[in-house]
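The values are calculated or read from the model by the stated rules, or taken from the named source; none is laboratory data. Predicted model only: the values in this text are computed from it and were never measured. Cβ sites come from the backbone with ideal geometry, for glycine too, and all protein chains shown count toward neighbours.
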Amino acid sequence: MPALRPMRMPKGSLPPTDPDYDPRSADLTAEMQTIYDQTFKDIAEGEIVRGRVVEVTTDAVLIDIGYKSEGTVPLKEFTTPQGEVAVQVGTVVDVYLESKEDSEGLIVLSREKAEKIKIWEQISRVYEQGGAVQGTIVGKTKGGLMVDIGVRAFLPGSQVDLRPARDLDRLIGKTFPMKIIKLNQKRGNIVLSRRELLEEERKALKTQTLATLEEGKVFRGKIKNITEYGAFVDLGGLDGLLHITDMSWGRLNHPTELFQVGDEIEVVVLKFDRTTERISLGYKQRLADPWEASDRKFPVGSKVKGKVVSLVDYGAFVELEPGVEGLVHISEMSWTQRIKHPSKVVAIGDVIEVMVLDIDKQAKRISLGMKQVEPNPWNFIEERYPVGTRVEGKVRNLADFGAFVELEDGIDGLIHVSDMSWTKRVRHPSEVLKKGDKVEALVLHVDRHNRRISLGLKQCQPDPWQTTVPERYRVGMDVTGKVVRLTDFGAFVELPDGIEGLLHVSEMSEGRVGKPEDVVQVGDELSMKIIKLDADERKIGLSLRAYREARAAAEEDEGDFRRR
């Protein structure tokens with residue numbers, strides 16, 4: 001490699017600072033000319049020499065290197081990418097001597113070759129000394145990146161960072177210090193590594209960090225990576241784990257709700273094992289535990305406002321302040337409504353007023369109530385719905401034992417099947433009512449402690465057993481009715497006006513009857529005789545056998561009469 005040699009020019013051989021000075025017109029003495037010649041003879045072709053610009057033309061730059069004639073360099077070698085000429089008359093530059101004399105007797109010089117040689121010399125020195133160079137990433141290539149360090153060099157993808165870089169495109173145009181790990185000037189091959197420098201820096205930082213690291217100390221670090229369970233924080237050559245449970249005193253579903261990769265944060269060293277170099281960090285520990293003063297800030301019986309932060313099947317969690325949450329159980333949401341899921345009442349993000357029902361500072365639990373903020377309507381239910389009052393409502397639901405009637409929002413009354421009809425034996429409320437029906441009922445009983453209202457549908461009408469039945473039906477009377485249902489002991493028969501009587505199995509036939517269905521079927525129209533009537537017990541006894549016997553006797557009497 002040609003060495004960079006200083007220009008050995010005699011004193012006074014360079015032109016003065018006057019830019020109009022022309023050395024070719026100078027009256028040089030014979031001795032000065034001899035010095036020029038001798039100096040120039042000591043310079044070999046292929047070396048870098050220093051000269052002064054004496055003229056800049058439209059296509060070339062003339063440079064005096066201390067010889068009897070100037071050398072020329074194409075103007076383009078001094079032109080910037082923006083088209084600006086980077087030299088002027090009087091500028092001292094280094095050039096490469098390609099030839100002392102060409103076919104026309106002129107000196108041939110090159111600025112570009114001189115610059116490349118100097119760059120390679122500098123790169124070689126840096127490589128030998130193990131130093132670093134500044135490189136600008138200019139593009140991607142197979143397996144890595146192309147870097148400009150004065151000449152083109154290659155940065156393998158594995159040497160870009162401490163961890164494999166996923167997006168190399170984002171690095172294009174950026175400048176970093178890098179280490180030369182391979183150099184071959186003949187082949188023009190240079191391989192760089194940014195990773196080695198980062199590892200050296202990290203090692204130095206790690207040593208420094210280890211010297212000061214201790215539990216309880218506050219450090220400033222940068223978040224390197226985030227997972228579902230926490231974040232890894234670089235404390236300076238050494239990583240620590242900040243678990244999600246140590247990020248906030250309040251509820252946190254994912255670390256990204258607080259932090260992003262690259263954030264610089266202050267953390268407390270909770271635990272440090274020098275053997276394994278494992279570090280546990282805390283972020284919330286920088287502040288006092290808000291639960292310590294929770295019983296003073298939120299005393300039992302106080303009303304406070306909070307934000308709904310989570311919903312579960314059994315209730316809603318409400319944040320009273322950062323780090324302090326309480327539970328509103330589903331049973332504490334409404335005095336009157338039967339809530340199946342808290343989402344029917346509140347939504348995440350809602351700000352609601354609640355009452356503190358109970359607090360356990362040690363267990364970090366607060367029981368809250370929504371309904372307690374409003375008066376309990378059941379405390380005044382007896383005044384609003386006194387016994388004997390006629391009310392109107394809509395059938396909200398049917399059960400096997402009765403129908404629930406909504407009297408107002410959240411207040412229901414129950415009509416039991418036994419209170420649906422004076423005359424019919426109702427087996428299911430659907431025989432009388434259906435969901436959505438508007439009905440009128442009578443308040444029979446109010447139990448505010450158990451939150452129950454008993455209603456009667458039949459009580460809105462006179463009881464026929466106390467009015468019309470004793471007058472219309474008598475023992476010994478013949479009646480006609482329809483069989484409506486069968487039992488093991490007989491058949492129930494519906495008489496006019498909806499009154500039901502019992503036809504016992506023993507009253508079906510003169511002979512022994514095994515089962516009622518052997519004699520009658522549901523839907524049969526029968527003529528029978530009333531053999532028993534008890535209005536107080538609401539019972540009518542019927543007899544098919546007595547009716548038939550009476551008919552037979554009557555027919556026999558009629559025959560005897562005719563025979564006479």
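List the pairs whose first member sits in the range 327-338 and is on the phi > 0 side of the Ramachandran plot, whose second member is modelled with pLDDT of 90 or more, and whose Cβ atoms are under 8 Å apart, counting only residues at least 6 apart or on separate chains?
none
Could you pull out the residue among Leu398, Leu407, Leu414 that is among the aliphatic types (A, V, I, L, M) and at pLDDT below 90?
Leu407
Could you please tell me which pairs satisfy a Cβ distance under 7 Å, a separation of 6+ or placement on different chains, a first residue in the range 488-506 that is of a type in the set (Lys, Arg), and a second residue that is crowded, with 21+ Cβ neighbours inside 10 Å?
From residues that are of a type in the set (Lys, Arg), there are no pairs.
Among the listed residues Ser280, Ser294, Ser310, identify the single one that is outside the structural domain of Glu406 (by TED's automatic domain parsing) and closer than 28 Å to Ala211 by Cβ.
Ser280
For the range 229-247, indicate whether the set of residues that are within 24 Å of Tyr127 (Cα to Cα) and in contact with a strand residue (DSSP E or B) (Cβ under 8 Å, 6 or more places away or on another chain) is non-empty.
Checking the range 229-247: not a single residue is within 24 Å of Tyr127 (Cα to Cα) and in contact with a strand residue (DSSP E or B) (Cβ under 8 Å, 6 or more places away or on another chain).
Could you check the range 286-309 and list, in sequence order, the residues that are at pLDDT below 90 and within 25 Å of Leu242 (Cα to Cα)?
Within the range 286-309, Arg286, Leu287, Ala288, Asp289, Pro290, Trp291, Glu292 meet the criteria.
How many of the residues making up the range 386-429 are touching a Cys at 6+ places or on another chain (Cβ under 8 Å) and assigned to a loop (DSSP other than H, G, I, E, B)?
Summing the residues that are touching a Cys at 6+ places or on another chain (Cβ under 8 Å) and assigned to a loop (DSSP other than H, G, I, E, B) in the range 386-429 gives 0.
Any residue in the range 258-275 that is within 17 Å of Leu368 (Cβ to Cβ) and either acidic (Asp, Glu) or assigned to a loop (DSSP other than H, G, I, E, B) (or both)?
No, that holds for no residue.
With the structure loaded, tell me whether Gln122 is without any contact (Cβ under 8 Å) to a residue 60 or more places away in the chain and closer than 30 Å to Gly71 by Cα or whether it fails that test.
The answer is yes for Gln122.
Name the residue, out of Val479, Val475, Val484, that is surrounded by fewer than 16 Cβ atoms within 10 Å (Cβ to Cβ) and assigned to a strand (DSSP E or B).
Val484
Among (1) among the polar types (S, T, N, Q); (2) farther than 28 Å from Ile180 by Cα; (3) surrounded by fewer than 17 Cβ atoms within 10 Å (Cβ to Cβ), which single condition is Thr72 missing?
(3)
From the set of residues in the range 151-200 that are free of Cβ contacts under 8 Å to residues at least 12 places away in the same chain and of a type in the set (D, E, K, R), which is farthest from Asp234 (Cα to Cα)?
Applying the filter and picking the extreme gives Lys186.
Looking at the range 219-235, can you tell me whether even one residue there is farther than 25 Å from Gln159 by Cα and at pLDDT below 85?
For the range 219-235, residues farther than 25 Å from Gln159 by Cα and at pLDDT below 85: absent.
What pairs can you find where one residue is in the range 366-383 and under 14 Å from Arg448 (Cα atoms), the other is of a type in the set (Ser, Thr, Tyr) and loosely packed, with under 12 Cβ neighbours inside 10 Å, and their Cβ atoms are less than 8 Å apart, with a gap of 6+ or different chains?
Correct list of pairs: empty, since none qualify.
Of these, Val354, Val300, which one is of a type in the set (A, V, I, L, M, F, W, C) and either within 16 Å of Arg251 (Cβ to Cβ) or surrounded by 17 or more Cβ atoms within 10 Å (Cβ to Cβ) (or both)?
Residue meeting the stated conditions: Val354.
Give the number of residues within the range 186-200 that are over 22 Å from Lys142 (Cβ atoms) and surrounded by 14 or more Cβ atoms within 10 Å (Cβ to Cβ).
Number of matching residues: 3.
Looking at the range 213-229 only, could you name the residues that are within 15 Å of Glu266 (Cβ to Cβ) and either free of Cβ contacts under 8 Å to residues at least 12 places away in the same chain or not β-branched (Val, Ile, Thr) (or both)?
Leu213, Gly216, Lys217, Phe219, Arg220, Gly221, Lys222
For the range 233-248, enumerate the residues that are of a type in the set (Gly, Ala, Ser) and closer than 15 Å to Phe219 by Cα.
Selection gives Gly236, Gly237, Gly240.
Residue under question is Lys203, and the condition is that it be at negative phi, part of a strand (DSSP E or B), among the basic types (Lys, Arg) and surrounded by fewer than 18 Cβ atoms within 10 Å (Cβ to Cβ); does it hold?
For Lys203, the condition - at negative phi, part of a strand (DSSP E or B), among the basic types (Lys, Arg) and surrounded by fewer than 18 Cβ atoms within 10 Å (Cβ to Cβ) - is not met.
Any idea which of (1) assigned to a loop (DSSP other than H, G, I, E, B); (2) touching a residue at least 24 places away in the same chain (Cβ under 8 Å) is the one Leu252 doesn't satisfy?
(2)
Looking at (1) β-branched (Val, Ile, Thr); (2) at pLDDT 80 or above; (3) out of contact with any Ser or Thr (no Cβ under 8 Å at 6 or more places or on another chain), which is the one condition that is false for Val61?
(3)
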